[in-house]
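First up is the structure itself, then whatever we jot down about it.
The values are calculated or read from the model by the stated rules, or taken from the named source; none is laboratory data. All values derive from a computational prediction rather than experimental measurement. We place every Cβ from the backbone using ideal geometry, glycine too, and count neighbours over all the protein chains shown. Accessible surface areas use protein heavy atoms only, side chains included; no ligands, DNA or RNA. Shrake-Rupley method; radii C 1.70, N 1.55, O 1.52, S 1.80 Å.
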Amino acid sequence: FLPGSSSSSATTAVASESSTQDETHPTIDNMESYNGIQSELNSSQGLHGTLLRITDRRFHDEDGRIVLAVQAIEKIRIHNVSSKPGTSPYLCTDVQLAPDDELMRMYFDKALMSSASILSSHDASRNRSGENDENDDNNNPLSSPAAVSGAARAAAVADSLRCRQFECLPIFLEEKPKRPNNIEGALEAKPTDSNATKKVNSPPKADAYMSVVQLMNYDKFAYGALRDADSVTTQSLETYWKSLARAQTPSAEEDLFSETADSSSFFLPEPSSSISSTPTSTSVEAVQMMEYHLWRSLDNMLRLLSMVSSASVPLPSQLMGLLPKRDDWPADFLLEGAATSLENSGGNIGTSFKSPFVRVDQVAASSSKYSTLRRAHRLSYVIWMLLDGLSITGNDQPTRSDVLKMTSVLARLEAAKRTIDGVNDILKQLIPPPKKE
């Protein structure tokens, strides 16, 4: 899964009495999984995954399965395996939410200032108690780069949690119609039948009734309820520094940010490439400019696909909602007109689960509640849902695992643009030459 996607998943069916134990309860090789995770943890890029949220469930009457609707909402970094093979039917790991570099840099200045404030109050407290030692200043974990980087991460995560209700509209599974037991053959569906009746009368397909939208939509009505970003991140920094100060020990930096197997610290270690500089206007502008060029390449790809297939190629409406509102789109840029049309129609989008179309820039116009970086962050993941369906991309396209390992919004946007430009080069060769008169 990549953040911004959704899907349905079924549990293993409950076996009948005639099934063997091996068929009923497939053995999970925890040792193989453990070794696989350990090898990934020891790699230079580390191991990443996705935090899933279950939003709905349905019970399968025929075989006892439970079908779940899940949404991929956050990227996580896996630090270590916290359970030993053989002690549990599954492996447990210590993980950490992993916001992108640009989102962390947004709060680096604030984290640094809060560090100075907590150090000042901490030193004043120690002076009053007579515990202060001049040599401790250089070893104080509250001023270490890892601690400041962790504070920036805490603020970025708090902002992500704040925006989740706006970014992640819950999805629901379709209700499963029951087939009559006394009908041996499938009845012919009539054009006037309801959708549910058609599904009963048509030959059933495996889990076909459990369709869900592949991309998450924004919740238009939740935007107004978003809390102020400044107050949320300020509170998260206060909590972070207070927890760090309470956990301080003589060798605090080593203990608090260590990755030892027996460490029970609340503070997971920061990656070696910690955030050590504040964002500049150039870095934010670089993301916005790459986002602009990615949309232009995508618009060109759709135009070329239409020429090759002699048919229009629509984009998912949820993806169209991420199109930035700009005044400098080219005159022949088609996607702006399509997005504006969806925006003005005021209709609902989706297949089995309907929800209002959300043009993010329209809802969040001239407001500090939602950053343009978060819009670009969402695009940098969900664009790969579209590219996954194009076999023409070949073997050079990054895998989903590769995409998860990228720690930068800009890096993912650049990789997506390279992939689309490669597709466009191939499509140009497939366009039939004009007919000679």
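Close amide H partners of L47, meaning residues 5 or more places away or on another chain with modelled amide H under 5 Å apart, are I78.
Per residue, region 311-370 exposes 50 Å² of solvent-accessible protein surface, assessed with a 1.4 angstrom probe and all protein chains in place. The peptide list 222-231, 370-379, put in order of mean Cβ contacts within 10 Å with the highest first, becomes 370-379, 222-231. Within the shell of other residues whose beta carbon sits under 15 angstrom from the beta carbon of F221, the net charge comes to +3, with Lys and Arg scored +1 and Asp and Glu -1. Couplings 3J(HN,Hα) for region 40-55, derived from phi with the Karplus relation 6.51 cos²θ - 1.76 cosθ + 1.60 (θ = phi - 60°), are 5, 5, 7, 6, 5, 8, x, 10, 10, x, 9, 7, 9, 10, 7, 10 Hz, where x marks Gly and Pro. Between D425 and T340, the simple label model (points 7 Å from Cα in the Cβ direction) yields a spacing of 3.4 nm. Exceeding 26 Å between C-alpha atoms, which entries from my cross-link table qualify? They are K110/K417; K75/K428; K220/K325; K75/K110; K75/K417; K110/K369. The answer is K110/K417; K75/K428. Amide hydrogen proximity for L215: with H placed 1.01 Å from N in the peptide plane, the residues at 5 or more positions away or on another chain lying under 5 Å are S6.
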